Amino acid sequence: MSLLFAACALLYQADERRSSFEFVKTSRRSRLWMRAVAVAVFLLTLMMIASLRGWELGIQTWLGVFSFVFVIAVVCM
């Protein structure tokens, strides 16, 4: 869950209007890099959960955990 939370935080901070960091707001390259890392972490967590539960249940489990983490991330940020 912490990896998904980190990916949600990266995706949130990669937006130029929401970012807390000035260098992210001014640098298109850093925003693109943060989005790419967030997508890579999302895929990594999907692969980890799917390898544990199988693809039939892994995708549903990942979506449920992702939804839970995203709600927490929205409330915290």
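The values are calculated or read from the model by the stated rules, or taken from the named source; none is laboratory data. On a predicted model such as this, the values are computed, not experimentally measured, just so you know. In this analysis, Cβ positions are derived from the backbone assuming ideal geometry, glycine residues included, and neighbour counts consider all displayed protein chains.
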Next item on the list: Answer with yes or no whether Ser20 is loosely packed, with under 11 Cβ neighbours inside 10 Å, of a type in the set (Gly, Ala, Ser), modelled with pLDDT of 90 or more and more than 14 Å from the chain's Cα centre (by Cα).
Entry: no
Item checked: Residues satisfying the stated conditions in segment 14-45, i.e. under 16 Å from Leu3 (Cα atoms) and among the hydrophobic types (A, V, I, L, M, F, W, C) -> Met34, Ala36, Val37, Ala38, Val39, Ala40, Val41, Phe42, Leu43, Leu44
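Only residues that are hydrophobic (A, V, I, L, M, F, W, C) and in contact with a helix residue (DSSP H, G or I) (Cβ under 6 Å, 6 or more places away or on another chain): list them for segment 1-22, please.
Within segment 1-22, Met1, Leu3, Leu4, Phe5, Ala7, Cys8, Leu10, Leu11, Ala14 qualify.
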